[in-house]
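The numbers here are math on the coordinates, done by the rules we state, and not lab data. These numbers were taken from a predicted model, which means no experiment stands behind them. Quick reminder, even Gly has a Cβ in these numbers, built from the backbone with ideal geometry, and neighbours come from all protein chains shown.
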Amino acid sequence: MCSCRIISIISTLYCDIPRIPMDVCDNYSNWFTYQITTYQVDIGTGQDSKTILLKLVFDAVWRSLFAPGKLVIMMADTGDEHEETLIHVQHTKRFCKEHGIEFVHITPDMGFHRKSWQGLREHYVEYAQIGSKTFTKSCTESLKLATMGNFMDDWIGKRYGYPSGRKRAIKRYVKEHGHKIVNLIGIAQGEERRMQDQSKQPDKWRRECIDIRYPLIEFGLDRAGCQDYMRRIDEVVPLPSNCILCVHG
């Protein structure tokens, strides 16, 4: 059985990879390539996540450090995306196809969304709720993270022949392979306040099976740096990928 790893926004099947020290970023070409057969990525279509995807494709160092091998790109649909976001999803699909990367746009009909969260508006209507900055932010967890976690569990189960559901495939993978699944999160330098405390993850399986990393922060890339990078390589700079009804954007 191959040694694999998985990333999320971006989530991966993972062997030990060195974390590059911030003070040697200018000389990172000396870091070695770690060969791994398969790599799975959960990604949004915003500026930070897109920068990570582009770096994984065009920067050999990023690819060797964060995602050697096969890439599977995932995006969870909230049912409340801006038209520009959906247009950019199609652009991302074409981009991934051109580079031989599998792209999975996870929609409610695929069965990975929670029954009570088939879409943002549907949830608000069915449960007579609204979004507010004064409330706990549950939409990202319920519509994106939980959905991609369910897909990841199913993907691992099918690839390795493990029983899936209730994160059984993820747990078995980590137990048998001896390393956690790495989540690459698209948060830029300057937004460190948004970083998650791994020890405070609400679900036990996340604390025990997931290792969160922030590639943009590790490499010192802020939002302006991400935008400049995309323009330099003649790539479209997407709009922020928040929902239409988002009160947190």
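Straight-line reach only, C-alpha to C-alpha below 19 angstrom: list the lysines that residue 137 could link to, leaving out same-chain residues fewer than 8 apart. Correct list for residue 137: 115, 200. Which FRET efficiency value, to the nearest 0.05, is calculated for residue 98 and residue 158 with the Förster distance at 35 angstrom and r the Cβ-Cβ distance? Efficiency for this residue pair is about 0.85.
Ordering of 208-214, 59-65 by packing is 208-214, 59-65, highest average first (other Cβ atoms within 10 Å, averaged per residue).
Taking a Cβ cut-off of under 15 Å around residue 126, the surrounding Lys, Arg, Asp and Glu residues balance to a net charge of +1, with basic ones at +1 and acidic ones at -1.
Pairs to check: 55/167; 55/204; 97/175; 180/204; 144/204; 144/167. Give those whose C-alpha atoms are more than 24 Å from each other in this structure. Over 24 Å apart, Cα to Cα: 55/167; 55/204; 97/175. Annotation for residue 203 and residue 133: the two label points, set 7 Å from Cα along the Cα-Cβ direction, are 2.9 nm apart. Between residue 114 and residue 61, the simple label model (points 7 Å from Cα in the Cβ direction) yields a spacing of 4.0 nm.
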